[in-house]
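Report on the structure given below.
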Amino acid sequence: METKIFTIRDPQRDRAAIEAVASILRSGGLAAIPTETVYGLAADGLNPEAVASIYRAKGRPSDNPLILHVDQAERMRPLVTSIPPEAQALIDRFWPGPLTLILPKTDRVPAVTAGGLDTVAVRCPSHPIAHAIIAAAGTPLAAPSANLSGKPSPTTFRDLCDDLTGRVDALVDAGDCGIGVESTVLTLADGRPRVLRPGGVSLEALRTVLPATELDTAVLHEVSPDTHPASPGMKYKHYAPKAHVILLEGDLAGYVRYVNAHAAPGVFALCFEGEQSALAVPAVLYGLPGDPESQAHRLFAALREVDRRGARTVYARTPDREGVGLAVYNRLLRSAGFEVIEV
Ligand code: AMP
Ligand code: MG
């Protein structure tokens, strides 16, 4: 398949490119678009054939539902049976932004979009180019992360090209994504607010609006493949480079000691800026120590970089879990297949 590339930096100035991408989407095509979290692989979320082609292009299991992206909160109304006051309070506080809400769906949402569930996930992105493309397409866009299934989500145009060139109709080059980890997924489907996936909106921030918000056990614990986690995506191996990633839990001194004792060809460190000088192995850096935002921004690109540099084993520094750090920790745990060593 020929993949067209559109460079878009400004939704007003690059209006013709926005229209071209929207027209591809309206006619059932696939286009990878930037969002404030990670790049998304978009299609008309109400067109079952278009949605089916997202699963094929990504190699995504068909029971792992997609998030519908809307350009304004009003557009959520036809997609869900009702918007309870808890959802409205979160929408008022966090939309547009990296918060996905799950509610019982209406028949307007095709089964294939919802992965066969009776609920649907919806969010309203704040990225101006995403906003302009959704508005011009005039339909909610299903847009999972634009990686091949299992790989780290793309946050740079280069990583996007590596995964999807030749597999989709269009790629939008809008530079690097800001936040760097995906949206927070919160369900209100059974009335009780519960975070199924931590992300760009922190648990602490959610609790300022809904203090009873809980964290699903699958966020920090491995779920066995034969159980039915609330978020189907949680049962699949995820965010994983080819290299074997191991999380080292402990302070910097313990980390340095452990890594240096295991130095060998193919062994890499995944650590924070400024920590590499004491290490006897090559290091890939993901953000500043004690700064979850910069760690989130860099994590997925760093996980891809270790593969490009030929790493076989990667010892990763464990991030703090405050704020967006919980999402960083959750993604690293999954990329390590829950392998954690205390140092
Ligand atoms: P991605 O689109 O790659 O960011 O992944 C979307 C995440 O949201 C996956 O973990 C899905 O399993 C989850 N998700 C989407 N729709 C639903 C839903 N209706 N119920 C529960 N989880 C969902
Ligand atoms: Mg994904």
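For every residue, the table says whether it meets (1) open to solvent by 60 Å² or more (accessible area, probe 1.4 Å); (2) modelled with pLDDT under 95; (3) more than 24 Å from GLU36 (Cα to Cα); (4) not basic (Lys, Arg).
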site	(1), (2), (3), (4)
ASN260	no, no, yes, yes
ALA264	no, no, yes, yes
SER277	yes, no, yes, yes
LEU285	no, no, no, yes
LEU288	yes, no, no, yes
PRO292	no, no, no, yes
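From the set of residues in region 176-199 that are open to solvent by 20 Å² or more (accessible area, probe 1.4 Å) and touching a residue at least 12 places away in the same chain (Cβ under 8 Å), which is farthest from ligand 2 (Cβ to nearest atom)?
Step one: of region 176-199, the residues open to solvent by 20 Å² or more (accessible area, probe 1.4 Å) are 176, 178-179, 189-192, 194, 197.
Still in the list and also touching a residue at least 12 places away in the same chain (Cβ under 8 Å): 176, 178-179, 189, 191-192, 194, 197.
Details: ASP176: 18, GLY178: 17, ILE179: 14, ALA189: 20, GLY191: 27, ARG192: 25, ARG194: 19, ARG197: 9 Å.
That would be GLY191.
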Given (1) within 20 Å of the chain's Cα centre (by Cα); (2) open to solvent by 20 Å² or more (accessible area, probe 1.4 Å); (3) not β-branched (Val, Ile, Thr), index of the condition ALA240 fails:
(2)
More than 16 Å from ligand 2 (Cβ to nearest atom), touching a strand residue (DSSP E or B) at 6+ places or on another chain (Cβ under 6 Å) and open to solvent by 10 Å² or more (accessible area, probe 1.4 Å): is that true of THR165 in this structure?
no
Could you please find all residues in region 78-104 being open to solvent by less than 40 Å² (accessible area, probe 1.4 Å), over 21 Å from the mean Cα position of the chain (by Cα) and of a type outside the set (Gly, Ala, Ser)?
LEU79, VAL80, ILE83, PRO84
Output for region 73-107, where each listed residue is free of Cβ contacts under 8 Å to residues at least 60 places away in the same chain and among the polar types (S, T, N, Q)
THR81, SER82, GLN88, THR106
Residues within region 130-162 that are surrounded by fewer than 24 Cβ atoms within 10 Å (Cβ to Cβ) and outside any loop (DSSP other than H, G, I, E, B), tallied
8
Given (1) more than 10 Å from ligand 1 (Cβ to nearest atom); (2) over 27 Å from ALA301 (Cα atoms); (3) touching a Gly at 6+ places or on another chain (Cβ under 6 Å), identify the lone condition not met by SER126.
(2)
Tell me, yes or no, whether region 203-217 has at least one residue that is within 16 Å of ligand 2 (Cβ to nearest atom) and exposed (fewer than 15 other Cβ atoms within 10 Å of the Cβ).
no
Only one of (1) free of Cβ contacts under 8 Å to residues at least 12 places away in the same chain; (2) on the phi > 0 side of the Ramachandran plot does not apply to ARG158, and that is (2)
Residue satisfying all of: in region 308-324; of a type outside the set (D, E, K, R) and without any contact (Cβ under 8 Å) to a residue 60 or more places away in the chain; surrounded by the fewest Cβ atoms within 10 Å (Cβ to Cβ) among these
GLY310
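The values are calculated or read from the model by the stated rules, or taken from the named source; none is laboratory data. Here the structure is a predicted model, which is why all the values come from computation and not from measurement. Note that we place each Cβ from the backbone using ideal geometry, even for glycine, and neighbour counts take in every protein chain shown. The protein model used for the area step is the full one, side chains on, heavy atoms only, and it has no ligands, DNA or RNA in it. Shrake-Rupley method; radii C 1.70, N 1.55, O 1.52, S 1.80 Å.
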